[in-house]
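Colleague: Take this structure, written in structure tokens, and hold onto it; I'll ask about it next.
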Amino acid sequence: MNNKMIVARKVAANIITKTGYDVEVKVMAKNNQDRVALIVNIGNDTIRPTVYLPTDMSDDPTDEKINTVATDMIKALKNCSGGISEMANIKDWFSEALSSKEKLLANVTFSLVNRNWNSGRNWVSTPVDGDLQYIYELVNPDVTNGSVCSVKITADHIAELGVTPDELLEAALRNTPERQPATFKDIADVLRLFPMPHDLMYVITNKQSCKGAGCIMYPEMQKKIAEVFGDDYVILPSSIHETIVIRMSADMDIDQVNALINEVNITTVAEDERLSDHAYKFVYGKFVSII
């Protein structure tokens, strides 16, 4: 990790030269792994964008490689609501949303993530099923080019504002379907295909196709699934960005389905975007594991 820190400081120096902003380098937990993070400080801000050193970065990269990585990171930052130069406006929005209990509850939304793979964090969370949980975020509504800028709600945030976890959950369940409308599309219309023969298969996500797995929990989606599939279906946790609903035929082996989910996770889905390793369905309105 010491060598990675040295490399990260070289990348940070390159970013500072190009942008004029300060960059802090530190080790942070991401998906239960230690990753070297570069935190961009654009002033006296409480909210700062974070980018991570690529996991495949060598311990002795060339100057050209360092320049390339720094340039890619700057591009990623610029894609966040139109560029670093506009981040002051984003910061103001987040600061305003975190300024009072009423404003936090008016803007908070939820995302669905794996509970075991996101343990040890200070995020406020609510269990959903054995290995899933809601986490809570503020998502800046001023997004461009499909970018999404968000801040996760921590225990410190709600303690400072006097918000209870139950109040946060109630507000997020109310706000999220309105702020992040769901889409229900035949997989043939979606470019990211799931490698399984099917007669009925639909992808559920939000309009941004970003952190949209939680859309499966919207009451309207549960009704839609029942209308299209009846009770003969399973839900595949494609990633934190979407879920896939397929018809469960009489000859389908759930062990094979779960094995396929694991294979796709390993070969296709980034570790920090994996949702779960097995299928689900709704039973009497409750989201349950199918193992």
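The values are calculated or read from the model by the stated rules, or taken from the named source; none is laboratory data. Please read all numbers here as calculations on a predicted model, not as lab measurements. For neighbour counting, all protein chains shown are included, and Cβ atoms are generated from backbone atoms with ideal geometry for every residue, glycine included. Note: areas computed on protein heavy atoms with side chains; ligands, DNA, RNA excluded. Shrake-Rupley method; radii C 1.70, N 1.55, O 1.52, S 1.80 Å.
Colleague: Name the single residue, out of those in the stretch 263-291 being basic (K, R) and either modelled with pLDDT of 90 or more or touching a Gly at 6+ places or on another chain (Cβ under 9 Å) (or both), that is farthest from S111 (Cα to Cα).
Modeller: Step one: of the stretch 263-291, the residues basic (K, R) are 274, 281, 286.
Then keep just the ones that are either modelled with pLDDT of 90 or more or touching a Gly at 6+ places or on another chain (Cβ under 9 Å) (or both); that gives 274, 281.
Numbers: R274: 13, K281: 18 Å.
Checked the stretch 263-291; the qualifying residue farthest from S111 (Cα to Cα) is K281.
Colleague: For the list (1) in contact with a helix residue (DSSP H, G or I) (Cβ under 9 Å, 6 or more places away or on another chain); (2) open to solvent by 30 Å² or more (accessible area, probe 1.4 Å); (3) modelled with pLDDT under 80; (4) over 29 Å from L169 (Cβ atoms), I need the number of the one condition that N79 fails.
Modeller: (1) is the only condition that N79 fails.
Colleague: Only residues in the stretch 54-69 that are closer than 11 Å to N14 by Cβ count as the first member; pair them with residues that are in a loop (DSSP other than H, G, I, E, B), Cβ under 8 angstrom, at least 6 apart or cross-chain, and list the lot.
Modeller: K65/M57; K65/S58; V69/L53; V69/P54; V69/M57; V69/P61
Colleague: Might you check whether a residue that is closer than 18 Å to S111 by Cα and of a type in the set (A, V, I, L, M, F, W, C) occurs anywhere in the stretch 246-262?
Modeller: No: zero hits.
Colleague: Here's a follow-up. For residues that are more than 18 Å from V288 (Cα to Cα) and assigned to a loop (DSSP other than H, G, I, E, B), scanning just the stretch 205-240, find the one that is most open to solvent (accessible area, probe 1.4 Å).
Modeller: Restricting to residues being more than 18 Å from V288 (Cα to Cα) and assigned to a loop (DSSP other than H, G, I, E, B), the top hit is K207.
Colleague: Could you list, in sequence order, all residues of the stretch 273-287 that are buried (at least 19 other Cβ atoms within 10 Å of the Cβ) and of a type outside the set (D, E, K, R)?
Modeller: Matches in the stretch 273-287: L275, S276, H278, A279, Y280.
Colleague: Now a separate question. What's the number of the only condition in (1) open to solvent by 10 Å² or more (accessible area, probe 1.4 Å); (2) touching a strand residue (DSSP E or B) at 6+ places or on another chain (Cβ under 6 Å); (3) of a type outside the set (D, E, K, R); (4) modelled with pLDDT of 90 or more that V190 fails to meet?
Modeller: Of the numbered conditions (1) open to solvent by 10 Å² or more (accessible area, probe 1.4 Å); (2) touching a strand residue (DSSP E or B) at 6+ places or on another chain (Cβ under 6 Å); (3) of a type outside the set (D, E, K, R); (4) modelled with pLDDT of 90 or more, the odd one out for V190 is (4).
Colleague: For A270, all conditions in the list (1) more than 19 Å from the chain's Cα centre (by Cα); (2) loosely packed, with under 15 Cβ neighbours inside 10 Å hold save one; what is the number of the exception?
Modeller: (1)
Colleague: Could you figure out which of (1) open to solvent by 10 Å² or more (accessible area, probe 1.4 Å); (2) modelled with pLDDT under 95 isn't true of M201?
Modeller: (1)
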